[in-house]
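Novice: Structure provided below as structure tokens; questions to follow.
The values are calculated or read from the model by the stated rules, or taken from the named source; none is laboratory data. As the structure is a prediction and not an experimental result, all values here were calculated from the model. Backbone-built Cβ (ideal geometry, glycine too); neighbour counts: all protein chains shown. For the accessible areas, the whole protein counts, side chains as well, though only heavy atoms, and no ligand, DNA or RNA atoms are used. Shrake-Rupley method; radii C 1.70, N 1.55, O 1.52, S 1.80 Å.
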Amino acid sequence: MRAFFNTVAVKLDSLRLFFSPNLAFLLPHRRKTSFVSLTNFSYRNKTVTRIQTPGVLHWRAMATVSSEAAAVIEVKDKIELNEVEKQIFERLLNTLRHFNLNTELRVAGGWVRDKLLGKECYDIDIAIDNMLGSEFVDKVREYLLSTGEEVHGVGVIPRNPDQSKHLETARMRLLDLWIDFVNLRCEDYSENSRIPTMRFGTAKEDAYRRDLTINSLFYNINTGSIEDLTGRGIDDLKSGKIVTPLPPKATFLDDPLRVLRAIRFGARFGFVLEEELKEAAGCDDVKNALAEKVSKERIGAEIDLMISGHQPVKAMTCIADLTLFWIVFSLPPKVEPTISEECQGLCVADVDAAWNLIQLIGGSSFTGEQRRLCLYAAFFLPFRNTIYKDEKGKKVPVVNYIFRDSLKQKASDPETVTKIHRSLEKFLTLIPLLTSNEDTQHAEVDWGMELYDVPITSKLRVATGILLREVKEFWRVGLLIATMLYPSDADSTQDFFDKQFQLDKRRDSFKAAEDAIIKLGTDGLEKVWDVKPLVNGKDIMTVLQLKSGGPLVREWQQKLLAWQLAHPTGTAEECLDWMKETHLKRAKT
């Protein structure tokens, strides 16, 4: 599998280059650099192509990935039940005996796969061969009550086709684990819908209608045996292959969401997508079906699982490699400036760089939500200066459209990511001041704001505090992405290669800046976004003799915040006295 990444952009009139164990990425170069030929050269076993086009320098980096799994996966011969699972399954079998039911119970899908891989799984789905899940749950409840055992959490989850719930699911809580019950089924799809008509099916029909062979395995509770009814689930698990039980194109046309599920499971386990599957996933018919038949909510849910997973870069790389990028991350009809088709390579490169920096810095520095939005912010970094006009003609960041319209994510996600993007220029101003070995106590920070009457020794602290209040608990995310953009000390492309630049240099910049911010926070800068203003808007209007708020009040709120940051031990009375004195001086002049 070859990954091709054309990157075309300019950032801060400087050079950015990131290398990952899996991919080589060459990113924006100096605006005025000019080449008149196409040159290939090798760097760390990667073939790099330099191409001249008018005004823009393109780089293509090619990384070859084997079409076979790197190693044979260790798969257990049998499933070993833990004590809780033994007790749960015994209760279910006792229910069959109590009512003399001729019913077979099977655990389906992910639980079987994970147990065979030696991983614990607490998501147990029971498939029943001759009754509805709700009917069997009623039997289990009745049996448990007859033994004097309390029953909790019995209920039914209704069908919700838009959320990929094509069949109602009965659920109950056994020994503090939620267990889902459904009947074995077969699916029939119509031409223009991914919502199937459901009917009772055999275990084999149920296995073949599943998305992947590794998810089609059953554990028969009655017999205590593993059932591989597609005939290749175990083999594909051992060889680390992602394969569909039925021909992949037909499988994807029936339910195009399975394309994204195949990518997600492939990335999650480090498995290789079968060649026929990749061809089907990238064909126009399947891409059109993915765009037309699958709700944006379901696409967004799959992408979020990928970004939040253990291999987000592999997942995003695969989406780009299969030419699904612009289907998944669709844009509004008109954007400014125009985005190149090849921009997807830049997105993948940036998320790869962010992921590697997070690993180098240490994952404990970020919460799960911070890491998640850090990767989104990095992935959409090439779009940070791109806007579109909404129905009212208002200019809106295109990142908002991707989150809200293409992925249907929660409203807070685009708000946070756009705040992070807006903070980058300020972080880039601060990084050299924060990481300098020289005395920066008298550093001037010019962001176009008036730090009126702020002591020169406090201006760096004030500027940092104001920035942290903007991005709040995501300030480390903004700092990390800014260090990705922070100019290197290489004067030319060749110098860059000669120095074999590594991400650990950016890691050091991040840590130095982080330590400096924390040091500045010894007087209250830490969690500065939670600090309440000493003077409220009403007091400001009283001093200014205003009857209502407005731009002047907001201007003074900023000035008073700067004073408060510069005087961490100051009181409300001192702050108000300073305002009165300053206002009087300004009125006289």
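Novice: Starting from the amide H of residue 105, placed 1.01 Å from N in the peptide plane, find each other amide H under 5 Å away whose residue is 5 or more places distant or on another chain.
Specialist: Amide H to amide H, under 5 Å and 5 or more residues apart or across chains, residue 105 pairs with 221, 222.
Novice: What area, in nm² and to one decimal, does the C-alpha convex hull of the stretch 197-288 cast on average over all directions?
Specialist: With the hull built on Cα positions only, its mean projection is 6.5 nm².
Novice: Which of the lysines could a cross-linker span from residue 139 if the Cα-Cα distance has to be under 22 Å and same-chain partners fewer than 8 positions apart are dropped?
Specialist: Of all the lysines, those that pass the test against residue 139 - Cα under 22 Å, at least 8 places apart if same chain - are 86.
Novice: Another question, if that's okay. Just to verify a number: FRET efficiency for residue 131 and residue 232, C-beta to C-beta distance, R0 = 35 Å, to 0.05? Walk me through the numbers on the way to the answer.
Specialist: Working: r = 30 Å, r/R0 = 0.85.
Once rounded, the FRET efficiency stands at 0.75.
Novice: Using square roots of five times the C-alpha gyration tensor eigenvalues, list the equivalent-ellipsoid semi-axes of the stretch 258-404 in whole Å, biggest first.
Specialist: Numbers: eigenvalues 112, 97, 35 Å².
Rounded to whole Å, the semi-axes are 24, 22, 13.
Novice: Quick one: if the Förster radius is 45 Å, what FRET efficiency do residue 87 and residue 279 give, using the C-beta to C-beta distance and rounding to 0.05?
Specialist: In this case the efficiency is close to 0.45.
Novice: On the protein heavy atoms, probe 1.4 angstrom, tell me the percent of accessible surface of the stretch 267-364 carried by carbon and sulfur. Don't skip to the end; give the middle numbers.
Specialist: Numbers: 1840 of 3810 Å².
In the stretch 267-364, the share of accessible area belonging to carbon and sulfur is 48 percent.
Novice: Oh, and also: Quick check: at a probe of 1.4 Å, how many percent of the accessible area of the stretch 539-589 sits on carbon and sulfur atoms?
Specialist: Using a 1.4 Å probe with all protein chains present, the stretch 539-589 comes out at 53 percent carbon and sulfur.
Novice: So the label point goes 7 Å from the Cα of residue 330 along Cα→C-beta, right? Which residues of the stretch 268-297 then have their backbone N under 11 Å from it?
Specialist: Residues 288-297 fall inside that zone.
Novice: Less than 28 Å apart at the alpha-carbon level, and either on another chain or at least 8 residues along: which lysines does that give for residue 527?
Specialist: Correct list for residue 527: 410, 419, 426, 459, 472, 505, 511, 519, 538, 559.
Novice: Additional query: Please give every one of the lysines within straight-line cross-link reach of residue 249, meaning a C-alpha to C-alpha distance under 19 Å, and leave out same-chain neighbours fewer than 8 residues apart.
Specialist: Those lysines meeting the cut-off are 241, 278, 287, 293.
Novice: Same structure again: Per residue, what accessible area does the stretch 92-143 have, given a 1.4 Å probe and all protein chains present, in Å²? Display every interim value, and only then the final one.
Specialist: Numbers: 2180 Å² over 52 residues.
Per-residue accessible area for the stretch 92-143 comes out at 42 Å².
Novice: I would also like to ask the following. So if each residue of separation counts as 0.36 nm, and I subtract the Cα-Cα distance between residue 176 and residue 360, what length gain in nm does that give?
Specialist: Details: separation 184, 0.36 × 184 = 66.24 nm, distance 3.77 nm.
Between residue 176 and residue 360, full extension yields 62.5 nm more.
Novice: Please give the length that would be gained between residue 146 and residue 304 if that part of the chain were fully extended, namely 0.36 nm times their separation in residues minus their C-alpha to C-alpha distance (nm, one decimal).
Specialist: Working: separation 158, 0.36 × 158 = 56.88 nm, distance 4.40 nm.
Value of the extension gain: 52.5 nm.
Novice: Right, here's the next one. Would you mind getting the accessible area per residue of the stretch 320-428, heavy atoms of the protein chains only, 1.4 Å probe, in Å²? Kindly include the intermediate steps, with their values, before the conclusion.
Specialist: Numbers: 4390 Å² over 109 residues.
Accessible area per residue, the stretch 320-428: 40 Å².
Novice: Now, a different point. In whole Å, largest first, what are the principal axis extents of the Cα atoms in the stretch 282-326?
Specialist: Taking the Cα atoms of the stretch 282-326, the three principal extents are 30, 23, 12 Å.
Novice: On full extension of the chain, what length is gained from residue 204 through residue 558, given 0.36 nm per residue of separation minus the C-alpha to C-alpha distance?
Specialist: Numbers: separation 354, 0.36 × 354 = 127.44 nm, distance 6.80 nm.
Separation in residues times 0.36 nm, less the Cα-Cα distance, equals 120.6 nm.
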